[in-house]
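The values are calculated or read from the model by the stated rules, or taken from the named source; none is laboratory data. Source: prediction; values computed, not measured. In this analysis, Cβ positions are derived from the backbone assuming ideal geometry, glycine residues included, and neighbour counts consider all displayed protein chains.
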Amino acid sequence: MPERYKQVLVNPDRPLREAIKQMDKAALQVLIVVNDEDKLLGVVTDGDVRRTIINEIDFKEPISSIMTKNPIAMSYLGDKNEALRLMKKHTIRHIPVIDKENRVRGLIVWEDFIKNGEVTYSYKNTPVVIMAGGKGARLDPFTKILPKPLIPIGEKPIIELIMGNFIKYGFNKFLISLNYRAEMIKMYFSENPNNYQIEYVQEKEFLGTAGSLSLIKSKLIDTFILSNCDIIIDANFDRLLNYHRENKNKVTILAVMRHIKIPYGVLKMQDADLDEFIEKPEYHFIVNSGVYALEPDIIELIPKNQPMDMPDLLLLAKKKEFKIQVYPMSCSWFDVGEWEEYKKATEYINKYS
């Protein structure tokens with residue numbers, strides 16, 4: 001994608017809400033702020049967006065209000081070795097490429113430096129628990145034939161896409177919680193050509209999105225990651241784990257920003273009098289992605305062999321004064337348990353795979 005940098009060029013006056021949507025669409029976790037002549041003014045990363053969300057900055061503010069001025073850049077005459085040296089020295093993941101007049105001519109990202117098709121993150125012994133036991137009623141009638149984890153998106157089933165995203169960041173130890181059509185999922189992985197390290201836990205009854213953790217308590221003796229099996233997310237799980245440990249959290253919720261446009265005029269009233277008319281407003285929400293970093297202490301709150309969903313577990317943990325933080329990321333995220341999101345995820349996978 002030689003012209004990919006053009007997707008992330010943004011004018012300094014562009015409102016944050018519009019600029020962040022552009023970042024999500026480009027899926028490079030960066031924006032390059034330029035003037036009308038494409039001269040470099042600054043850089044905005046997904047980390048800058050995360051701090052914006054946490055600090056509750058007004059999304060009507062211009063993107064220039066959060067950009068890093070005078071960012072690290074390199075000449076278009078340089079090579080990848082120079083880019084890698086700069087990235088390691090300054091702990092950055094994106095480097096704009098500029099010409100002699102400071103005009104942006106390209107972009108180099110950390111993911112350009114790959115080995116055997118995967119970014120070279122160190123191997124982690126941290127287990128990833130994938131909740132794959134649900135019936136997937138929202139994807140009926142497909143799920144009358146296949147369990148939801150095996151429904152294909154592009155050339156791979158949902159569960160293998162989820163696992164592949166974790167493997168990219170050094171995770172390859174999976175505990176998969178099964179129930180509905182469990183034998184079909186086991187059969188799919190039986191030949192295991194990709195050498196996944198998989199263990200299974202079998203529910204006797206449907207235990208919700210958290211309940212089966214009580215069945216594998218002995219296997220979860222340190223920090224672990226939990227993922228629903230109906231979400232496709234382009235997130236950096238390495239940074240999620242580091243953030244969780246650095247802040248000594250008991251729970252870290254990976255959150256994403258969603259933009260919702262109401263296709264109608266919204267009326268605000270005082271009594272029956274019209275107070276304000278807002279034409280097709282757009283709102284921004286920080287939503288739960290369905291991925292969590294957790295400490296094993298949390299499992300003590302789950303009654304064995306009884307249904308419990310993650311929202312209920314989180315509320316109980318908060319009541320018990322466990323330290324729970326939200327880690328917002330600006331990234332692509334699809335809830336493929338719904339048909340419209342499934343279609344969007346398919347388009348996204350086909351475009352970027």
In the range 10-60, what residues are at positive phi and under 16 Å from the mean Cα position of the chain (by Cα)?
Ala27, Gln29
Among the residues of the range 270-292 satisfying the criterion of being modelled with pLDDT of 90 or more and of a type in the set (A, V, I, L, M, F, W, C), which is farthest from Arg258 (Cα to Cα)?
Val291
Any pair with Cβ under 9 angstrom, 6 or more apart, that starts in the range 135-149 at a residue that is farther than 19 Å from Ile176 by Cα and ends at one that is modelled with pLDDT under 80 and among the charged types (D, E, K, R):
Arg138/Glu338; Leu139/Glu338
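So that you can scan it fast, the table gives a plain yes or no per residue for (1) of a type in the set (Val, Ile, Thr); (2) without any contact (Cβ under 8 Å) to a residue 60 or more places away in the chain:
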{"position": "Pro15", "(1), (2)": "no, yes"}
{"position": "Gln29", "(1), (2)": "no, no"}
{"position": "Ile53", "(1), (2)": "yes, no"}
{"position": "Asp58", "(1), (2)": "no, yes"}
Out of (1) in a loop (DSSP other than H, G, I, E, B); (2) within 24 Å of Leu240 (Cβ to Cβ), the one Asp58 does not meet is (2)
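Every residue, every condition in (1) touching a helix residue (DSSP H, G or I) at 6+ places or on another chain (Cβ under 6 Å); (2) more than 29 Å from Leu28 (Cα to Cα); (3) not aromatic (Phe, Trp, Tyr), yes or no:
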| site | (1), (2), (3) |
| --- | --- |
| Ile231 | no, no, yes |
| Arg239 | no, no, yes |
| Tyr243 | no, no, no |
| Asn249 | no, no, yes |
| Thr252 | yes, no, yes |
| Met257 | no, no, yes |
| Ile278 | no, yes, yes |
| Ile299 | yes, yes, yes |
| Ile302 | yes, yes, yes |
Of (1) in a loop (DSSP other than H, G, I, E, B); (2) touching a Leu at 6+ places or on another chain (Cβ under 8 Å); (3) more than 30 Å from Leu175 (Cβ to Cβ); (4) in contact (Cβ under 8 Å) with a residue 60 or more places away in the chain, Val97 satisfies all except one. Which?
(1)
Tell me whether the range 262-282 contains one or more residues that are under 14 Å from Met131 (Cβ atoms) and either assigned to a loop (DSSP other than H, G, I, E, B) or assigned by TED's automatic domain parsing to the domain that holds Asp48 (or both).
no
In the range 61-94, which residue that is of a type in the set (D, E, K, R) and not in a loop (DSSP other than H, G, I, E, B) is surrounded by the most Cβ atoms within 10 Å (Cβ to Cβ)?
Glu82
If you take the residues of the range 174-211 that are of a type in the set (S, T, N, Q) and over 24 Å from Phe334 (Cα atoms), which of them is surrounded by the most Cβ atoms within 10 Å (Cβ to Cβ)?
Gln202
So which residues in the range 91-106 are over 18 Å from Asn81 (Cβ atoms) and of a type outside the set (A, V, I, L, M), if there are any at all?
Asp99, Lys100, Glu101, Asn102, Arg103, Arg105
Residues that are of a type in the set (A, V, I, L, M) and free of Cβ contacts under 8 Å to residues at least 40 places away in the same chain, at least 2 per element: which strands (runs of 3 or more DSSP E) completely within the range 164-256 meet that?
197-202
Of all residues in the range 306-339, how many are assigned to a loop (DSSP other than H, G, I, E, B) and either over 26 Å from Lys148 (Cβ atoms) or under 18 Å from the mean Cα position of the chain (by Cα) (or both)?
10
